[in-house]
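In what follows, a single structure is set out as structure tokens and then discussed.
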Amino acid sequence: MADSLASTTPTTADLREPLQPAKSRSLDADIIIKNAPDPVFVSDLEGKILSANDAVYELLGFRTDEVLEQSLSRFISPEETREFTAALREVIERGATRNARLNPRSASGVVIPTTLNASALRDTDGKVIGAIGILRDMRELDKARAYADSLIKNAPDPVFVSDLEGKILSANDAVYELLGFRTDEVLEQSLSRFISPEETREFTAALREVIERGVIRNTRLNPRSASGEVIPTSLNASALRDEDGKVIGAIGILRDMRELDKALAYSDSLIKNAPDPVFVSDLEGRILQANDAVYELLGFRPDEVLEQSLSHFISPEETREFLAALREVIERGVTRNARLNPRSASNEVIPTTLNASALRDTDGKVIGAIGILRDMRAYEKVVRDLQQSKAELQEKILDLEKFEEVVVGRELKMIALEKEIEQLKHEQGRKHRG
């Protein structure tokens, strides 16, 4: 019966090669089914199995005679038999059915989760006389899904799954703890219930990016909790795909930003109120933030400093040195006492030293530097004054040494003169005695 059906039924190969003889077409169909890597079977419209490939026997562990001419209801539950019958009706009406779930019991009694994709089997007149079914063994995928569900459930961060319209399909306990809602108040609800209309549009745009790129990073969401508190969070989302790899939703991970935002506000306050000039730059040296002491030091307005490259204020050579300092910040997290000589609005070159530490994002990646400048003008003036005082002292020492030489020379001459006088006196005394 299987041979007669196969010999009279057009296949995909028939549509590509309409001029082939019927016997050749039948042979091609049988070869395709036999060598298919997935389990493939042919059934009539009552669900009786007419043909099956080796992968079917390998999957179920039955012999050929235990499968052929048997109703599929022998291997699946009564409920699934009804579902398969409904799938057959869909095949008759639409020509195909997708991802119907079947859980046949193997010869060893193991229930094997599978998905069924079926297409219409037609006679030479185009009438549907059965179905060609392809089973996909879902055991590994179901294990992976169970593992993923476990990861989501036990993740320390709030994790949820949504469809492409933003409807929440699944969420872990951390989501309910964060928002303070019950499960029934979250599941099957649109995310728009918890965020503003503007953020809903941003989330929809993020979903489009997930579809196109497979992932989205650090999107800001501020959901409102059950107590009415607006909670700042960042969203990282990746694509949720079906068995065919099609994106059907998103897996979102929220990060509670309240403590981090407090820390950022505190650091902003420290920067703003620091007595020394402090600025924040990206890794290309573009100034993102600066405190009042920077504007006071350089004499520029904020709009003349912010979003400008530091190379606007220092020489090309020092720009290269600053970029080298940034590389050191990336590698070591800090750089010490780099010399910078920025030019002020009045064209004065101001000697400074730079100490910089790494600016990191929420994942700990270095994204820039926080730089502290120290105005070295007063220090260098003290150094110059000391050097001048040293020079003046050295001159006085030289003068003193010259004076000392004169005084010593005079004393030596006086001593020599006194000796001569004594000698003359001695000679005269000797003459008088003679």
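Criterion first (surrounded by 15 or more Cβ atoms within 10 Å (Cβ to Cβ), out of contact with any Pro (no Cβ under 9 Å at 6 or more places or on another chain) and within 19 Å of Pro351 (Cβ to Cβ)) does Val294 satisfy it?
Against the criterion (surrounded by 15 or more Cβ atoms within 10 Å (Cβ to Cβ), out of contact with any Pro (no Cβ under 9 Å at 6 or more places or on another chain) and within 19 Å of Pro351 (Cβ to Cβ)), Val294 does not qualify.
Name the residues in segment 177-202 that are surrounded by fewer than 16 Cβ atoms within 10 Å (Cβ to Cβ) and under 16 Å from Ile253 (Cβ atoms), would you?
Glu177
Using the structure shown, decide if Leu121 is closer than 22 Å to Val91 by Cα and not hydroxyl-bearing (Ser, Thr, Tyr).
Criteria met by Leu121.
Return the residues of segment 349-387 that are out of contact with any helix residue (DSSP H, G or I) (no Cβ under 7 Å at 6 or more places or on another chain), of a type in the set (D, E, K, R) and under 24 Å from Leu323 (Cβ atoms); say none if nothing qualifies.
Arg360, Asp361, Asp363, Lys365, Arg374
Filter segment 276-286 for residues that are more than 17 Å from Thr353 (Cα to Cα) and either open to solvent by 60 Å² or more (accessible area, probe 1.4 Å) or free of Cβ contacts under 8 Å to residues at least 60 places away in the same chain (or both) and give the result.
Answer for segment 276-286, where residues must be more than 17 Å from Thr353 (Cα to Cα) and either open to solvent by 60 Å² or more (accessible area, probe 1.4 Å) or free of Cβ contacts under 8 Å to residues at least 60 places away in the same chain (or both): Glu284, Arg286.
Considering each of Ala205, Ala174 in turn, give the residue that is of a type in the set (Gly, Ala, Ser) and crowded, with 17+ Cβ neighbours inside 10 Å.
Among Ala205, Ala174, only Ala174 is of a type in the set (Gly, Ala, Ser) and crowded, with 17+ Cβ neighbours inside 10 Å.
Can you give me the number of residues within segment 148-171 that are open to solvent by less than 30 Å² (accessible area, probe 1.4 Å) and without any contact (Cβ under 8 Å) to a residue 24 or more places away in the chain?
2
May I ask you to list the residues in segment 50-78 that are within 13 Å of Leu102 (Cβ to Cβ) and either in contact (Cβ under 8 Å) with a residue 12 or more places away in the chain or surrounded by 21 or more Cβ atoms within 10 Å (Cβ to Cβ) (or both)?
Val56, Leu59, Leu60, Leu72, Ser73, Phe75, Ile76, Ser77
Could you grab me the full set of residues in segment 211-258 that are acidic (Asp, Glu) and open to solvent by 70 Å² or more (accessible area, probe 1.4 Å)?
Glu212, Glu229, Asp244, listed by residue number.
I'd like the full set of residues that are open to solvent by less than 100 Å² (accessible area, probe 1.4 Å) and of a type in the set (A, V, I, L, M, F, W, C), limited to segment 394-413.
Ile397, Leu398, Val406, Val407, Val408
Evaluate the following for Ser389: is it open to solvent by less than 80 Å² (accessible area, probe 1.4 Å) and modelled with pLDDT under 85?
Here the answer is yes, as Ser389 does meet what is asked.
If I ask for residues that are among the basic types (Lys, Arg) and more than 33 Å from the chain's Cα centre (by Cα), which ones from segment 305-359 would you list?
Arg339, Arg343
Report, by residue number, each residue of segment 278-308 that is in a helix (DSSP H, G or I) and among the aromatic types (Phe, Trp, Tyr).
Tyr295
Report the residue count in segment 109-150 for those that are in contact with a helix residue (DSSP H, G or I) (Cβ under 7 Å, 6 or more places away or on another chain) and among the charged types (D, E, K, R).
So the answer is 2.
Of the conditions (1) open to solvent by less than 40 Å² (accessible area, probe 1.4 Å); (2) aliphatic (A, V, I, L, M); (3) over 30 Å from Phe181 (Cβ atoms); (4) in contact with a Ser or Thr (Cβ under 9 Å, 6 or more places away or on another chain), Val128 satisfies every one except a single condition; which number is it?
Here Val128 clears every test but (4).
Specify the residue that is least open to solvent (accessible area, probe 1.4 Å); the eligible residues are those in segment 341-380 that are among the aliphatic types (A, V, I, L, M) and in a loop (DSSP other than H, G, I, E, B).
Applying the filter and picking the extreme gives Ile350.
The values are calculated or read from the model by the stated rules, or taken from the named source; none is laboratory data. Since the structure is predicted, the reported quantities are computational estimates derived from the model, not experimental observations. In this analysis, Cβ positions are derived from the backbone assuming ideal geometry, glycine residues included, and neighbour counts consider all displayed protein chains. What goes into the accessible areas is simple: the full protein's heavy atoms, side chains included, and nothing from ligands, DNA or RNA. Shrake-Rupley method; radii C 1.70, N 1.55, O 1.52, S 1.80 Å.
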